[in-house]
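Novice: Let me give you the structure first, and then I'll get to my questions.
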Amino acid sequence: MDPSAQERRRALEKGLVCEDPRELSPEFARSVEGLTRDIKDPVERLRFLRNSTKTIRQLEDQIPKVPPAARPLVYKYLGWRGLTMLKGDKAAGIRRVARGKIAALQIGIVLAGASLLLGASYGTLRLATSLGRRTPTVEARVHAEAPAKAPPRSTPTPEPEVLTQRPNSIWLVEQGRDYELYSNGLRIDTSQRVKGTRRSYALIDEASGNVLPLSSEPVGIVFHTTESDILSLEPENNSSLLRNSKNLVAYVKRHEFYHYLIDRFGRVYQILNDDSRANHAGFAVWANAGKVYMNLNHAFFGVSFESRFAPEGPLPLTEAQLQAGRLLTEHLVRRYDIDPKLCVAHGIVSVNPKTRKIGHHVDWAKNFPFKTFGLPDAYEVEPASVRLFGFGYDDDLAKAIGEPWPGVFKAEAELQKDALKSGQSTDALKQTLTRRFDLWFEEQSQATKSTTSSLITPAPAGPGVN
Amino acid sequence: MDDRKDHLWKVQEGSEQAAAEDPSRGTPLGVDVGTSKIVAARRRTRGTETSMQLNAFIPVPFSRFTETILGQNEIPYFRDGDELIIFGGATERFANMFNVETRRPMADGLLNPKERMGTVVLESIMRGLIPKAKVQGEVLSFSVPAASEGREAELVYHEASLRRFFETLGYRAVAINEGLAVIFSELEDQNFTGIGISCGGGMCNVALAYLSIPSLLFGISKGGDYIDNSVGSVVDEPATRIKTIKEEKLDLTKAPADKLEKALHIYYEDLVESLVDSIRKAVAKADKLPRAHRPLPIVIAGGTAKPKGFKELFERAMKAKPFPVDISEIRVAADPVTATARGALIAALYEK
């Protein structure tokens, strides 16, 4: 665009000159107006309308090629896309819903591909291509979960397998005042790192119910999402993206919420040093190899992604976050000899002891890309909360994530078998098991308290403290 | 489900709080640079805050005594040779006291070329109203009138002068048409679709926008000053005094009680008829009107629209002849004096 055209565009934006608005058809107006109802902030409403009209102008030469019947759908798509660009925390819900609708529509477009080939006009195809090109890339997709592509018509030359070199071990390559660089490419920003309360925890032997000696070694990782405000990755959001990230790091640090935080650009911040506990998963349960962990604040690293959990649609991570998360996991697993089975998601370890329900927090209760991270699928593992302590779930969990993860069903099936064997009802067995939870929880807390005061009892607030 | 992620909502709230506490984040400003008043608007936690200052000045002969009195009474002034230039809110009081006319840094919506001190006074008034930007490059949106025929070059100079001044305060200044600013502040519920009119001191500005995009912008060089000067000349009173009476007690719904009120009614009717006639003609001959799918609302703002009965007068003028587009409602802004500044603020926040 030449400078004079740019100047005119800016003048138009400010309302200093007029532009022919006739191509903004009533159909388009009705469509976008229907979407503005929930936008309470006048600035965001203005932003939405301006973005939508700008987009429709960019496509004005292609809109006439779309069959009239399909135009309302195109307008709606553009409207939803405009909604994803809204700023501010108050619009988070609107953005989320719009992203979901776009994802659903994109799936629909793929499914309708065949009918497009048969019946739709060339113009529609061109428009669909344009829309696809201009869709903001907000989420990264995991290769393992990517939808299957349509088979090519001709036999393409197979791309040679890309073999990269990986170091056999991971070592500290370079250490600066504010960073650490590791041989696998992981770069950790340590400028915000603080020393927290020293890690020290007790765990329970599953077979005997005895409290085992205190330990201070990290044994696992719990993956979280921050559930903070998420903006689409667009150049115009740059300052807000940076500000959000900065504020989030400061907040997480102030409350000692996680050991590591990975922002939207894939920057890994170490918040607490590795010897400290973090307030990330207090009321949480996991078991492995005969050992039961009943408060994961100490034993597990808290690694959080600046993101919002989404039970459906694309993975709520950027490509950069995905890559950084993998490298960090690899580093922690190797450095501390962590059993990969103890790398879990917050949503599947979180419990509410009062209601005896699982999934009190739901972040990553679905869709964590364990396979991509080189980890076993923790969703397939019977959760100790259900299997050992008889916890259940309610409609709220179903509303949040749909069906629980497969391990829950497996654990429930095993419980039913146990109930049959012992000649009691499943409910009665569950009651017995929940009493066991109370007892073990208390024993574990007391054991820890006897040596270190106030380390085990979960704090009243903080991430993962249910 | 709301309580499930309670701690994470705290993360979000904390992020917001931290952002609010961040001193490196400035405050966008909306400024209505009107012929009669300058109004600034900024967003605060509990809503929009506005402040205003009269855009006028009066020179008085310099004396140490006068200077001391002005200083003691905290009346803004500066010395220019053998004169003291009193500006802002106190100007009208002095003018009425000495039975002289106030002078204006601006005329007909633009910088007044006949006033040597116009730019200096205007900048002095605005300095008292607009703080320096906390953050270099903070957005400030200021209102400008539509270009009248033959005055395009003057508008360019006016806009550039203001922009440069705001930039010296550290802002990134963006201009917005007055009428469109009214639409931004008053027609949010209609998705910024409709006709916005700013009836100011120097002129009346009209914008017709569709989904926030302006499709018609124009102004007429008649405003509150036209009424004040015309009435002043027929009743032989200073226009400044007419302005005070007009703003304090004019009620256009009541029959005029004296010659002055009668003159005010006559010139108000003349202004409104001219305005409606101009809109009617502009809309009728416009070849760029949007295909609106519902009748358009009209909202009127500006100090000249403040007297009681202005809306009814406007409605009568509208009904006198057919109007080229369907109108859903006619209303005066809840706070007509600050509407343009509030609209400019929305533009500034959008530009941020």
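Novice: Taking the condition of being under 19 Å from A:PHE409 (Cα atoms) and buried (at least 21 other Cβ atoms within 10 Å of the Cβ), how many residues in segment A:338-359 meet it?
Specialist: Qualifying residue count for the region: 10.
Novice: Within segment A:89-110, is even one residue of a type in the set (Gly, Ala, Ser), open to solvent by less than 70 Å² (accessible area, probe 1.4 Å) and modelled with pLDDT under 70?
Specialist: No, segment A:89-110 has no match at all.
Novice: Taking the conditions exactly as written (over 22 Å from B:CYS199 (Cα atoms) and open to solvent by less than 40 Å² (accessible area, probe 1.4 Å)), does B:PRO28 satisfy them or not?
Specialist: When the stated conditions are applied, B:PRO28 passes them.
Novice: Continuing with this model, one more query. Look at segment B:316-352 and say how many of its residues are of a type outside the set (Val, Ile, Thr), under 22 Å from the mean Cα position of the chain (by Cα) and in a helix (DSSP H, G or I).
Specialist: Result for segment B:316-352: 11.
Novice: Further question: Among the residues of segment A:245-267 satisfying the criterion of being surrounded by fewer than 23 Cβ atoms within 10 Å (Cβ to Cβ) and either more than 14 Å from chain B (Cβ to nearest Cβ) or among the small types (Gly, Ala, Ser) (or both), which is farthest from A:ARG187 (Cα to Cα)?
Specialist: Restricting to residues being surrounded by fewer than 23 Cβ atoms within 10 Å (Cβ to Cβ) and either more than 14 Å from chain B (Cβ to nearest Cβ) or among the small types (Gly, Ala, Ser) (or both), the top hit is A:ALA250.
Novice: So, one more: Output the residues belonging to segment B:45-56 that are at pLDDT 90 or above and open to solvent by less than 70 Å² (accessible area, probe 1.4 Å).
Specialist: Residues satisfying the conditions are B:THR50, B:SER51, B:GLN53, B:LEU54, B:ASN55, B:ALA56.
Novice: Looking at segment B:127-149, is at least one residue touching a residue at least 60 places away in the same chain (Cβ under 8 Å), under 17 Å from B:PHE57 (Cβ atoms) and not in a loop (DSSP other than H, G, I, E, B)?
Specialist: Yes, segment B:127-149 contains at least one residue that is touching a residue at least 60 places away in the same chain (Cβ under 8 Å), under 17 Å from B:PHE57 (Cβ atoms) and not in a loop (DSSP other than H, G, I, E, B).
Novice: Somewhere in segment A:300-312, is a residue open to solvent by 30 Å² or more (accessible area, probe 1.4 Å) and in the same structural domain as A:GLU227 (by TED's automatic domain parsing)?
Specialist: For segment A:300-312, residues open to solvent by 30 Å² or more (accessible area, probe 1.4 Å) and in the same structural domain as A:GLU227 (by TED's automatic domain parsing): present.
Novice: Further, regarding this structure: Residues to consider are A:GLY196, A:GLY209, A:GLY185; find the one that is more than 14 Å from every other protein chain (Cβ to nearest Cβ), under 16 Å from A:ASN297 (Cβ atoms) and either part of a loop (DSSP other than H, G, I, E, B) or free of Cβ contacts under 8 Å to residues at least 12 places away in the same chain (or both).
Specialist: Unique residue meeting the criteria: A:GLY196.
Novice: Moving to a separate point now. Give me a count of the residues in segment A:398-447 that are modelled with pLDDT under 85 and of a type in the set (Ser, Thr, Tyr).
Specialist: 1
Novice: Right, next: Filtering segment A:36-68 down to residues that are assigned to a loop (DSSP other than H, G, I, E, B) and free of Cβ contacts under 8 Å to residues at least 24 places away in the same chain, which residue is farthest from the other protein chains (Cβ to nearest Cβ)?
Specialist: So the residue we want is A:ASP61.
The rows are residues; the columns are (1) aliphatic (A, V, I, L, M); (2) modelled with pLDDT of 90 or more; (3) in the same structural domain as A:ARG326 (by TED's automatic domain parsing); (4) on the phi < 0 side of the Ramachandran plot.
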| position | (1), (2), (3), (4) |
| --- | --- |
| A:ARG198 | no, yes, yes, yes |
| A:ILE204 | yes, yes, yes, yes |
| A:SER216 | no, yes, yes, yes |
| A:PHE223 | no, yes, yes, yes |
| A:SER232 | no, no, yes, yes |
| A:SER239 | no, no, yes, yes |
| A:SER245 | no, yes, yes, yes |
| A:GLU256 | no, yes, yes, no |
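Novice: Could you figure out which of (1) assigned to a strand (DSSP E or B); (2) open to solvent by less than 20 Å² (accessible area, probe 1.4 Å) isn't true of A:VAL362?
Specialist: Only one criterion is unmet by A:VAL362, namely (1).
Novice: Just wondering, is there one or more residues in segment A:274-287 that are assigned to a loop (DSSP other than H, G, I, E, B), open to solvent by 10 Å² or more (accessible area, probe 1.4 Å) and more than 24 Å from A:ALA324 (Cβ to Cβ)?
Specialist: yes
Novice: Is it fair to say B:ALA209 is under 30 Å from B:ARG294 (Cα atoms), buried (at least 19 other Cβ atoms within 10 Å of the Cβ) and not acidic (Asp, Glu)?
Specialist: When the stated conditions are applied, B:ALA209 passes them.
Novice: Can you pull out the residues in segment A:288-304 that are outside any strand (DSSP E or B) and not hydrophobic (A, V, I, L, M, F, W, C)?
Specialist: A:GLY290, A:ASN295, A:ASN297, A:HIS298 - these are the residues of segment A:288-304 that are outside any strand (DSSP E or B) and not hydrophobic (A, V, I, L, M, F, W, C).
Novice: Kindly indicate the residue of segment A:223-240 that is farther than 30 Å from A:LYS371 by Cβ and within 12 Å of chain B (Cβ to nearest Cβ) and also most open to solvent (accessible area, probe 1.4 Å) among those meeting that condition.
Specialist: Across segment A:223-240, the extreme among qualifying residues is A:GLU236.
Novice: Please specify each residue of segment B:195-212 satisfying the condition of being touching a residue at least 60 places away in the same chain (Cβ under 8 Å), of a type outside the set (Ser, Thr, Tyr) and in a strand (DSSP E or B).
Specialist: Selection gives B:ILE195, B:GLY196, B:ILE197, B:CYS199, B:CYS204, B:ASN205, B:VAL206, B:ALA207, B:LEU208.
Novice: Take the residues in segment B:297-310 that are over 16 Å from B:LEU208 (Cα atoms) and within 18 Å of the chain's Cα centre (by Cα), then tell me which one is surrounded by the fewest Cβ atoms within 10 Å (Cβ to Cβ).
Specialist: B:LYS306
Novice: Determine which single condition A:PRO383 fails, assuming it passes every other condition in (1) in contact with a strand residue (DSSP E or B) (Cβ under 8 Å, 6 or more places away or on another chain); (2) within 14 Å of chain B (Cβ to nearest Cβ).
Specialist: Every listed condition holds for A:PRO383 apart from (2).
Novice: Additional query: Any idea which of B:ALA344, B:ALA317 is buried (at least 16 other Cβ atoms within 10 Å of the Cβ), touching a strand residue (DSSP E or B) at 6+ places or on another chain (Cβ under 9 Å) and within 22 Å of B:LEU216 (Cα to Cα)?
Specialist: Exactly one residue qualifies, and that residue is B:ALA344.
Okay, residues lined up against (1) open to solvent by less than 20 Å² (accessible area, probe 1.4 Å); (2) assigned to a strand (DSSP E or B):
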| residue | (1), (2) |
| --- | --- |
| B:THR35 | yes, no |
| B:ALA41 | yes, yes |
| B:ILE58 | yes, yes |
| B:ILE75 | yes, no |
| B:ILE86 | yes, yes |
| B:GLU92 | no, no |
| B:VAL100 | no, no |
| B:GLU115 | no, no |
| B:GLU123 | no, no |
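Novice: If we keep just the residues of segment B:60-73 that are touching a residue at least 12 places away in the same chain (Cβ under 8 Å) and among the hydrophobic types (A, V, I, L, M, F, W, C), which is least open to solvent (accessible area, probe 1.4 Å)?
Specialist: Restricting to residues being touching a residue at least 12 places away in the same chain (Cβ under 8 Å) and among the hydrophobic types (A, V, I, L, M, F, W, C), the top hit is B:LEU70.
Novice: Related question: Of B:VAL182, B:VAL234, which residue is surrounded by 22 or more Cβ atoms within 10 Å (Cβ to Cβ), modelled with pLDDT of 90 or more and of a type in the set (Val, Ile, Thr)?
Specialist: On inspection, the qualifying residue turns out to be B:VAL182.
The values are calculated or read from the model by the stated rules, or taken from the named source; none is laboratory data. Everything numeric in this text was worked out from a predicted model, so none of it was measured. Glycine gets a Cβ as well: all are built from the backbone with ideal geometry, and neighbour counts include every protein chain shown. When the accessible area is computed, the model is the full protein with side chains, heavy atoms only, and any ligands, DNA or RNA have been set aside. Shrake-Rupley method; radii C 1.70, N 1.55, O 1.52, S 1.80 Å.
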